[in-house]
Amino acid sequence: MKPLPPLQPRARRRQALAWCAACALAPSLIAMSNALHAMTPAAAHAADLPTELRSAQPASRLVGTGVLRFFGLRVYEARLWAAPGFLPEDYARHPFALELVYDRKLEGAAIAERSIAEMRRVGSFTEAQSRQWLELMQQAFPDVQPRDRLLGLNDGQGEVRFFHNSRPTAQIRDAEYARLFFGIWLAPQTSAPAMRTALLGLG
């Protein structure tokens, strides 16, 4: 059998983007391509507070940010917003918001499915919980276009609300879900420790 001809640059780019869409929330697979940085205090205070936080968590500031890349292509910028006193080791019990600003067109269904896979790295849960949470996230995460924002708001008491470009999409009151979902980025078990370090301003 003859070997397949090598992909041309344009074909490789299309293949990379297709694979990236399927792994939209898979920092474990693309962590080596991350460009990350923690915010200085001055930059954190100068950053514009997202609309969703102005009434819900007005004391929040930008703790850290990181850009996720795949083969040099920007996928999204992640931003962590929290009030002073936020403790990384007990993140789920504090009010905060995680904001993702996308640079690529991605399917919401792929984001939801990959979220479940990444949550399993943080902790175990039942198949019944998996089905419930997947249904929630399929509602929470629509297909995204470049410059679209997805924001998850945690109240520190088990309630999570999701927004797409400031529009509410879904909410749930489930402390275990809050811990596992946001743990994709913030838990010590995360598959992307460099991203966690940058978001928490620990670098």
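Points to keep in mind about this one:
- On the stretch given as region 140-158, residues that are over 16 Å from the mean Cα position of the chain (by Cα) and farther than 20 Å from residue 120 by Cα total 3.
- All of (1) surrounded by fewer than 16 Cβ atoms within 10 Å (Cβ to Cβ); (2) over 21 Å from residue 69 (Cβ atoms); (3) free of Cβ contacts under 8 Å to residues at least 60 places away in the same chain hold for residue 123 with one exception: (3).
- Listed by first and then second residue, the pairs with beta-carbon distance under 6 Å, at least 6 apart or on different chains, first residue in region 184-202 and more than 17 Å from residue 119 (Cα to Cα), second open to solvent by 50 Å² or more (accessible area, probe 1.4 Å) and assigned to a loop (DSSP other than H, G, I, E, B), are 197/203.
- Some residue of region 61-74 being modelled with pLDDT under 95, in a loop (DSSP other than H, G, I, E, B) and open to solvent by 70 Å² or more (accessible area, probe 1.4 Å): yes
- Candidates in region 132-171 are the residues that are surrounded by fewer than 19 Cβ atoms within 10 Å (Cβ to Cβ) and among the hydrophobic types (A, V, I, L, M, F, W, C); of these, the one that is farthest from residue 52 (Cα to Cα) is 134.
- Residue match in region 46-57 (condition: within 23 Å of residue 187 (Cα to Cα), touching a residue at least 24 places away in the same chain (Cβ under 8 Å) and in contact with a Pro (Cβ under 7 Å, 6 or more places away or on another chain)): yes
- Scanning region 84-102 for residues that are open to solvent by 40 Å² or more (accessible area, probe 1.4 Å) and among the acidic types (Asp, Glu) gives 89, 90.
The values are calculated or read from the model by the stated rules, or taken from the named source; none is laboratory data. From a predicted model like this one, the values you see are computed outputs, not experimental measurements. Please note: Cβ atoms are built from the backbone with ideal geometry, for glycine as well, and neighbour counts cover all protein chains shown. For the accessible areas, the whole protein counts, side chains as well, though only heavy atoms, and no ligand, DNA or RNA atoms are used. Shrake-Rupley method; radii C 1.70, N 1.55, O 1.52, S 1.80 Å.
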